[in-house]
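This report concerns only the one structure given below.
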Amino acid sequence: MTPAPALPPAAENGSAANAATAGTPVSRLEATLRRLLPSGARILPHEPLARRTTLRVGGCADLLVEPADDGELSLVVRTAREQGVPWRVIGRGSNLLVRDGGVRGLVISLAAPGFAQLEVSPPLLRCGAGVRLKDLATTARRHGLAGLEFLAGIPGSVGGALRMNAGAWNSMTFERVESVRFLTPAGELREARGADIPSSYRRCDLFRDHIALGATFRGDPSTPEQVEARLNELNGKRWASQPAAPSAGCIFKNPAAIPAGRLIDELGLKGTRIGGAAVSDVHGNFIVNDGQATAKDVLSLIELIRARAREARGIELETEVEILGE
Ligand code: EPU
């Protein structure tokens with residue numbers, strides 16, 4: 001375990017923070033972070049979140065911070081905790097529905113290059129939480145490492161994939177994870193073996209309140225040509241069965257009885273529209289944004305689908321997409 005960097009005491013905050021204490025906890029946190037982090041750090045009050053999600057709806061974060069690396073992230077988390085400001089981490093926003101009222105408190109984005117490192121020592125690939133899954137899969141191909149092809153079509157990052165044990169084509173993230181580095185809610189750095197972290201279909205409880213910093217993935221020795229062939233095969237299947245329009249991927253988890261997409265299709269709900277949100281004509285478990293959708297449109301459509309599934313089939317659909325804000 002690497003020790004976490006020391007956190008300067010709040011009493012050292014100086015005049016900027018003193019002036020800000022008159023304001024809200026968030027403005028006080030903003031002033032403290034501006035003082036603690038280097039001048040280049042990205043500290044963005046009232047930051048619109050819609051453009052940071054693939055669904056492209058929702059309001060602003062009270063405060064969004066992009067720490068440069070693990071050390072800064074730890075500092076940000078510990079400072080927010082000390083000042084009683086709630087925080088959330090977002091990745092590439094591909095499984096995220098932000099409500100129109102936005103997110104209170106602090107949103108932390110791991111978009112800085114410091115989280116996007118990717119080192120290969122076959123058959124292992126060690127990567128930061130900000131690495132795109134597509135880049136992980138294509139790097140594995142270059143090194144002739146098989147088994148990670150399923151990640152290529154998931155438009156998320158390693159951190160997001162760990163948080164929800166993302167999957168496709170009958171494979172799940174944790175099946176390939178050797179070890180994970182993460183921060184505890186108290187801001188301490190830890191490392192654990194993937195096999196020791198409980199995970200199941202689209203679920204990893206550890207990362208509800210711990211932050212994934214990165215992971216080491218295991219590939220199976222193969223050849224770039226074979227990996228390429230599998231990537232092409234899955235890519236073809238994906239574009240034949242899933243929409244290209246802005247979405248958050250599958251909206252619902254698959255219930256045991258029937259895949260959610262087939263159920264929604266059988267209920268005749270494809271094409272159903274509320275405002276700018278519609279059930280995709282391509283795949284029933286996708287809600288697509290025509291460019292004008294609000295989060296309210298999407299949430300109303302989700303409720304309409306859930307009510308129909310309940311009434312018609314007695315099936316309780318559970319959302320897979322993370323819903324954030326107010
Ligand atoms: N189907 C229909 N109509 C539809 C959609 C699907 O009849 O509109 C049928 C298909 O023909 C198939 C079955 O339902 O027989 C399952 O559909 P599909 O093969 O598309 O897989 P899925 O269960 O809907 C899952 C994951 C996807 C992942 C694909 C590919 C979930 C909720 N979804 O979809 O993950 O990409 O398999 O492996 O587990 C995501 O998590 O966001 C996601 C898109």
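Rule-based calculations on the coordinates, nothing more; no lab input. Everything numeric here is computed off the predicted structure, so don't read it as measured data. FYI the Cβ positions are ideal-geometry reconstructions off the backbone, even for glycines, and counts take in every protein chain you see.
What the table shows:
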| quantity | calculated |
| --- | --- |
| Kyte-Doolittle mean at least -1.0, axial Cα span of 24 Å or more - DSSP H helices of the chain | 295-313 |
| Order of THR32, THR272 - criterion: other Cβ atoms within 10 Å of each residue's Cβ, fewest first | THR272, THR32 |
| Kirkwood hydrodynamic radius of the stretch 128-204, from inverse mean 1/r over distinct Cα pairs, in Å | 12.9 |
| Gained length - SER200 relative to VAL120, 0.36 nm times residue gap less alpha-carbon distance | 26.1 nm |
| Sequence-separation-based contact order of the chain, relative, with Cα cut under 8 Å and 6+ spacing, percent | 17 |
| 17 Å Cα-Cα reach of LYS134 towards lysines, excluding residues that sit fewer than 8 places from it in its own chain | LYS237 |
| Rg to Rh, two decimals, where the stretch 89-153 supplies the alpha carbon set and Rh follows Kirkwood | 1.09 |
| Cα-based shape type of the chain, given that a ≥ b ≥ c are square roots of the gyration tensor eigenvalues and the cut on a/c is 1.5 | oblate |
| Sorted by Cβ density within 10 Å, fewest first, the residues ILE305, ILE264 | ILE305, ILE264 |
| For the chain, built as a Gaussian network whose Cα springs stay under 10 Å, the top-fluctuating residue of GLU66, GLU316, GLU228 | GLU316 |
| Separation in nanometres of the label points that stand 7 Å from Cα toward Cβ, at GLU318 and ARG42 | 3.3 |
| Order of THR216, THR173 under a 10 Å beta carbon neighbour criterion, fewest first | THR216, THR173 |
